[in-house]
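Right, one structure below, let's go through it.
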Amino acid sequence: MSTADSIPASTVPARGASSVRIKLSRDDYALRTGLVVVISLLAILVVLPLYSLLSKSLEDMDGNFVGLQNFQEYFQTPALLTSITNSLSVAFFSAIIVLVLAFIYAYALTRTKMPFRLFFRGVALIPILAPSLLAAISLIYWFGTQGVLKSWLFGASIYGPIGVIMASCFWVFPHALMILITALSTADARLYEAAEALRTPKWRIFWTVTLPGAKYGILSTGFIVFTLVITDFGVPKVIGGNFNVLATDVYKQVVGQQNFEMGAVVSLVLLLPAVAAFIADRWVQSKQVALLSARAVPFQPKSEPLRDWLLFGFCATIAFIFLAMLGMAAYASFVTFWPYNLTLSLNNYDFDLMDGGGWEAYFNSIRMAIYCAVFGSGLIFFGSYLVEKARGVSWLRTILHLIAMMPLAIPGLVLGIAYIFFFNHPDNPLGFLYGTMGILVISTIVHFYTVSHLTSLTALKQLDPEFETVSLSLKTPVWRTFGKVTLPVCLPALLDVASYLFLNAMTTVAAVVFLYSPETMLASIAVLNMDDAGDIAPAAAMALMIVYTSAIFRLLHALLTRYLKRRTQVWRTR
């Protein structure tokens, strides 16, 4: 009997039929039920909180509907309106600076024979392991009122737009670098060989071949950096001084003045540039075309000593700045009392004596990160599996995919405010989650859902649909195919998702800053609170604890991935 003969007749189109009819099996019903459950869950965790946020912005303090009156009041307040221009200018200049520096850095790593490329790449990824506040704290020790190099600013203050831009460039640099490395790693050597055969000058090859080939990556990088900076809360809170931006205005309205209605208005204003950048990025990606054909020849850089050593000097300078930023924070965390008593001690690591939640905050962060990695990766991978593998009901799969893409355009602060209004509502049966570890885990998973969803979806798309066809013909349950084929093949991607969620849970500030309670204080929030209390050195120490923990986790993740690949990915090697 052939494979086709063993497939139920209802799955084969009848002669003259316009479409394929699918006989629903128990597995199909299970997958469709899963789709409905995951869609309902994401609707509760994403759509309804945003609706609550919008509703709150249209009410007064007594809960009465006032329409656009709050928005009118906002745009008539000069101080609040100035925050918009401040946010846009800081995000714009940061995006330009990071684009230029990260592109040159990525070019040196991918298009040259420069020595120590692996070392430079590792150093450039260090900021991913730290909360954004670490860069701001380090800059205070370098250029602040009592800073080592305060004279280098020629009388200018680090507390303002200069400090915000410098710290923002530091922590978003690796995000831009990873995208640009991917963009520059994809090149057809035949284009360069043809240009060289025509005796085209090097500078012209760069402008006519290299830049056009990477333009979509460059544009996407610009939009992503812009969004990250304009929605960041940690950097302007620590080093912004009197320089107000939208992110700090949200915090001041909600925490400082308890004006939740105006906080909702500012949140929606903050949401607009993030959504605009997201739409622009999606549009740019839709225009991207394949740069490599089946006949393409992988590009191999040639050794050019002058160029390689010039770029080596550039990368060494950037790497030195990164190490200096991290090193200053580490040094300051051991200083007894800066700058009067530079004796090294562990006093700043006695967090239980500081106004930041103590060591319990640090262990809370580890617990939350583990919960996010375990439950978040499972939920996200299951949702991606349903989008890719469920038969029929394309409209349900489309709805799930669209809702899964929404968190990418929602700033963390906006999500946190929305969760306050939704989960703290007296009529919400889920109100018991408010102030617990559960709401911190949920908000963090939702905040970083989209990137993990796309990662899982990419891995699942690599699987040939014939696996499911053969399983169907053999009447193998879907759960057995999932456990024996799908999960082992996609295991590396699943581990990457878990790592991504863990690291972001350790370093996140924006989404959880409104949702924690004294019992669920987190390390990143403790850094913020200690800085507010003037305990900058202990804040640096706690931020360094986050860096150490993230680095150890990355090492364990690499070892575990290597071990599991040997056990489950033998088929990948020839």
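The values are calculated or read from the model by the stated rules, or taken from the named source; none is laboratory data. This one's a predicted model, so the numbers in the text were calculated from it and none came from an experiment. We place every Cβ from the backbone using ideal geometry, glycine too, and count neighbours over all the protein chains shown.
Worth a mention:
- Selection status of LEU125, under 21 Å from MET506 (Cα atoms), of a type in the set (A, V, I, L, M) and surrounded by fewer than 18 Cβ atoms within 10 Å (Cβ to Cβ): yes
- Residue that is farthest from VAL37 (Cα to Cα) [pool: residues in the range 340-398 that are surrounded by fewer than 23 Cβ atoms within 10 Å (Cβ to Cβ) and small (Gly, Ala, Ser)]: SER345
- Residues considered: ARG282, ARG307. Of these, the only one that is at pLDDT below 85 and out of contact with any helix residue (DSSP H, G or I) (no Cβ under 6 Å at 6 or more places or on another chain) is ARG282.
- Residue in the range 187-194 that is among the basic types (Lys, Arg) and in contact (Cβ under 8 Å) with a residue 24 or more places away in the chain present: yes
- Hits in the range 1-25 (condition: of a type in the set (Gly, Ala, Ser), surrounded by 14 or more Cβ atoms within 10 Å (Cβ to Cβ) and modelled with pLDDT under 60): none
- Subset of the range 542-562 [touching a helix residue (DSSP H, G or I) at 6+ places or on another chain (Cβ under 9 Å) and more than 12 Å from SER499 (Cα to Cα)]: MET542, ALA543, LEU544, MET545, ILE546, VAL547, TYR548, THR549
- Across the range 505-524, the number of residues qualifying as surrounded by fewer than 24 Cβ atoms within 10 Å (Cβ to Cβ) and assigned to a helix (DSSP H, G or I) comes to 3.
- Only residues that are within 18 Å of PHE375 (Cβ to Cβ) and either surrounded by 19 or more Cβ atoms within 10 Å (Cβ to Cβ) or touching a Ser or Thr at 6+ places or on another chain (Cβ under 6 Å) (or both) were counted in the range 26-38, giving 1.
- Test result for PHE154, out of contact with any helix residue (DSSP H, G or I) (no Cβ under 9 Å at 6 or more places or on another chain), among the hydrophobic types (A, V, I, L, M, F, W, C) and more than 23 Å from ALA319 (Cα to Cα): yes
- A search for C-beta distances below 8 Å between a residue of the range 423-443 that is under 24 Å from ILE380 (Cα atoms) and any residue that is aromatic (Phe, Trp, Tyr) and surrounded by fewer than 19 Cβ atoms within 10 Å (Cβ to Cβ), counting only pairs 6+ apart in sequence or on different chains, returns PHE423/TYR434; VAL441/PHE375.
- Test result for ASN70, more than 14 Å from PHE243 (Cα to Cα) and buried (at least 17 other Cβ atoms within 10 Å of the Cβ): yes
- The single condition among (1) at pLDDT below 90; (2) over 16 Å from PHE322 (Cα atoms) that ALA108 does not meet is (1).
- Failed item, numbered, when PHE92 is tested on (1) aromatic (Phe, Trp, Tyr); (2) crowded, with 21+ Cβ neighbours inside 10 Å; (3) within 24 Å of ALA247 (Cα to Cα): (2)
- Selection within the range 58-102 - in a loop (DSSP other than H, G, I, E, B) and not β-branched (Val, Ile, Thr): LEU58, ASP60, MET61, ASP62, GLY63, ASN64, GLY67, LEU68, GLN76
- Residues located in the range 218-234, provided they are over 23 Å from ASP532 (Cβ atoms) and buried (at least 24 other Cβ atoms within 10 Å of the Cβ): THR221, VAL225, PHE226, THR227
- Boolean, VAL527 is closer than 29 Å to HIS557 by Cα, in a helix (DSSP H, G or I), in contact with a Phe, Trp or Tyr (Cβ under 6 Å, 6 or more places away or on another chain) and in contact (Cβ under 8 Å) with a residue 12 or more places away in the chain: no
- Within the range 317-357, being among the β-branched types (Val, Ile, Thr) and either under 30 Å from PRO174 (Cα atoms) or in a helix (DSSP H, G or I) (or both) holds for THR317, ILE318, ILE321, VAL335.
- Residue match in the range 75-85 (condition: among the β-branched types (Val, Ile, Thr), out of contact with any helix residue (DSSP H, G or I) (no Cβ under 7 Å at 6 or more places or on another chain) and touching a residue at least 24 places away in the same chain (Cβ under 8 Å)): yes
- Flag for SER55 being out of contact with any helix residue (DSSP H, G or I) (no Cβ under 9 Å at 6 or more places or on another chain), at pLDDT 85 or above and in a helix (DSSP H, G or I): no
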